[in-house]
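The structure is given below, and queries will be raised subsequently.
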Amino acid sequence: MLDTPKKLGLLAAICAGSYTAVVGAEGFEPAPIKLDSGMTLTPVLTTVVGYDDNVANSNSDEKDSMYTVISPRAKLEAGNDITNGTLDFGFDSGWYVDSSDDDYFDHSVSARGHHEFTAKYRLDLDASYRRTHDARGTGISEGNQGVFDDVTKYNYYVVGGVFGLGAQSSDLRFDLRSLYKKKDYRNFEDVTQYRDYDAVEVGATTYWNVMPKTDLLLDIGYEQIDYDVTDPSTISRDSDVFKALAGVEWDITGKTEGRASIGWQNKDFDDNGREDFDGVSWDVALTWKPKEYSALTFATGREARDPDTFGDYIKETYASASWRHKWLDRFSTEVGTKYVGESYTGVDRDDDYWRASLAAIYDFRRWLQFKGEYVWSDQDSNVDSVTYDKNVVYLSVKVAL
């Protein structure tokens, strides 16, 4: 097993090699192919080679392995500023040298469309499909690695739209939204069938311009969550969620931009046997650029959400921060950290999850990028079976035309 000091040494070597970059080169900017139809096609291929010292996110008998991931992507674009559309598609194929049970093949496709009827009325439509997975020891297999001898696979569908009213330059404007989501597991159906669900969300956001580049906002949303099958050993998880948040959104002189809102969330279960949630919820995300080559980002939030395993709901609080700095035209680094605190209702469980990462990015050419990253993560819980820590180090190569 490769120990942590050696991994850090490997990352340091990658960084040192990257630091010899020549000033004056461009960053990574894929060149689109213009088709006869007028559309553009932009393909990108990413290859990752890495090492994971706890592949199944286990609290005992950890299995380590080298791994490889190949991820081709393509983007098809058409239109103009008034009417335009984008189609993204690709797949991710991962192989673990010493843990073939964790191999996976995912693929996804997403489409977006935008149309402005007039300066005051616009429509954005989004649709996506992912045939994807959760790694062992995460999601529904959390704490039950011995039962799941494969990654949990599922289909995830999202279809939605936003209708905007009011010119972007007006003092008052509105966004009306609607969203449909569906999750459908594809294996271990004796367990996973009880987590298949459909959700419908509707909502509205009001923006009130109070100064240049600054809006006050009020967001109200309602979501109905319905599970396809109820576990006969328990009671229904179906619920209605109402959320109202008020806050501010800004983008000031390119130096700082963000959104901060706070309000109330109510999660009301159909079955009175489950405990409802009423409490404070917030959502904050901001970016500060003291220089055009340096950016700091921060995000925090709190909400109640459905658990993948047991319990009525999870009261989740998170905070994350990252700093990306471009030292030379070709070379940049990024450091990040994240904390997630989860308190379960309906079962005795409290988790604290920490993650820290250090990355070096080298844009060797406009069409070729190298990235080396080390990631440490640790989950501490009063439930021993879901407690684990892991170290991952990898090198990726991204190629475009």
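The values are calculated or read from the model by the stated rules, or taken from the named source; none is laboratory data. Here the structure is a predicted model, which means the values were calculated and not measured. Every residue, glycine among them, receives a Cβ derived from its backbone with ideal geometry; neighbour counts consider all protein chains shown.
Within segment 264-277, is there a residue that is touching a helix residue (DSSP H, G or I) at 6+ places or on another chain (Cβ under 8 Å) and surrounded by 14 or more Cβ atoms within 10 Å (Cβ to Cβ)?
no
Does residue 312 satisfy being at pLDDT 95 or above and either on the phi < 0 side of the Ramachandran plot or of a type in the set (Asp, Glu) (or both)?
Criteria met by residue 312.
Has segment 348-369 got at least one residue that is surrounded by fewer than 16 Cβ atoms within 10 Å (Cβ to Cβ), closer than 30 Å to residue 233 by Cα, in contact with a Gly (Cβ under 7 Å, 6 or more places away or on another chain) and in contact (Cβ under 8 Å) with a residue 24 or more places away in the chain?
Yes, that holds for at least one residue.
When you scan segment 139-161, how many residues do you find that are surrounded by fewer than 18 Cβ atoms within 10 Å (Cβ to Cβ) and of a type in the set (Val, Ile, Thr)?
Here the count works out to 3.
Please list, ordered by first then second residue, the pairs with beta carbon atoms under 7 Å, 6 or more apart or interchain, first in segment 382-394 and assigned to a helix (DSSP H, G or I), second modelled with pLDDT of 95 or more and crowded, with 18+ Cβ neighbours inside 10 Å.
If the second residue must be modelled with pLDDT of 95 or more and crowded, with 18+ Cβ neighbours inside 10 Å, the pairs left are 386/351; 386/379.
The conditions are (1) surrounded by fewer than 19 Cβ atoms within 10 Å (Cβ to Cβ); (2) modelled with pLDDT of 95 or more, and residue 401 fails exactly one of them. Which is it?
If we test residue 401 against (1) surrounded by fewer than 19 Cβ atoms within 10 Å (Cβ to Cβ); (2) modelled with pLDDT of 95 or more, just (2) comes out false.
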